[in-house]
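J.: To start, I am sharing the structure in question, which I have written as structure tokens.
The values are calculated or read from the model by the stated rules, or taken from the named source; none is laboratory data. Because the structure is predicted, anything quoted here is derived from the model rather than measured. Cβ atoms come from the backbone with ideal geometry, glycine included; neighbour counts cover every protein chain shown. We work out accessible area using only protein heavy atoms, side chains counted, and drop any ligands, DNA or RNA first. Shrake-Rupley method; radii C 1.70, N 1.55, O 1.52, S 1.80 Å.
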Amino acid sequence: MLKIVADRGKCEGLGMCEAMADQFFEVGEDGVVQVLDETPPEADRQFVDAAVQACPVAALRLQD
């Protein structure tokens, strides 16, 4: 099962992930990413992976 893992300590709240996949990521009022759906469907893997790769501080990763 595909899982999104966020390192909230690394996150700088730049919002690249949210801009690319707002159904999975949101930068909260605290300025840190919140994963809205930690287990996206396999059909969305390429879409979610692109958002994860867009994080400039590498605070996100995908785990199988």
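J.: Can you tell me which residues in segment 38-64 are free of Cβ contacts under 8 Å to residues at least 60 places away in the same chain and farther than 19 Å from Gly9 by Cα? Reasoning before the result, please.
T.: At the first step, the residues of segment 38-64 found to be free of Cβ contacts under 8 Å to residues at least 60 places away in the same chain are 38-61.
Across segment 38-64, the qualifying residues are Thr39, Pro40, Pro41, Glu42, Ala43, Asp44, Arg45, Gln46, Phe47, Val48, Asp49, Ala50.
J.: Let me ask something else. In segment 22-35, which residues are crowded, with 18+ Cβ neighbours inside 10 Å and part of a loop (DSSP other than H, G, I, E, B)?
T.: Hit for segment 22-35 is Phe24, nothing else.
J.: Based on what the data block shows, is Glu38 surrounded by 13 or more Cβ atoms within 10 Å (Cβ to Cβ), of a type in the set (Asp, Glu) and assigned to a loop (DSSP other than H, G, I, E, B)? First the steps, then the outcome.
T.: Numbers: surrounded by 13 or more Cβ atoms within 10 Å (Cβ to Cβ): yes; of a type in the set (Asp, Glu): yes; assigned to a loop (DSSP other than H, G, I, E, B): yes.
When the stated conditions are applied, Glu38 passes them.
J.: Could you identify the single residue in Ala43, Ala19, Ala58, Ala6 that is touching a Leu at 6+ places or on another chain (Cβ under 6 Å), open to solvent by 30 Å² or more (accessible area, probe 1.4 Å) and at pLDDT 95 or above?
T.: Criteria check complete, one pass: Ala6.
J.: Now, a different point. Restrict the check to segment 41-51 and report whether at least one residue is within 9 Å of the chain's Cα centre (by Cα), assigned to a loop (DSSP other than H, G, I, E, B), under 16 Å from Met1 (Cβ atoms) and not β-branched (Val, Ile, Thr).
T.: No, the conditions are met nowhere in segment 41-51.
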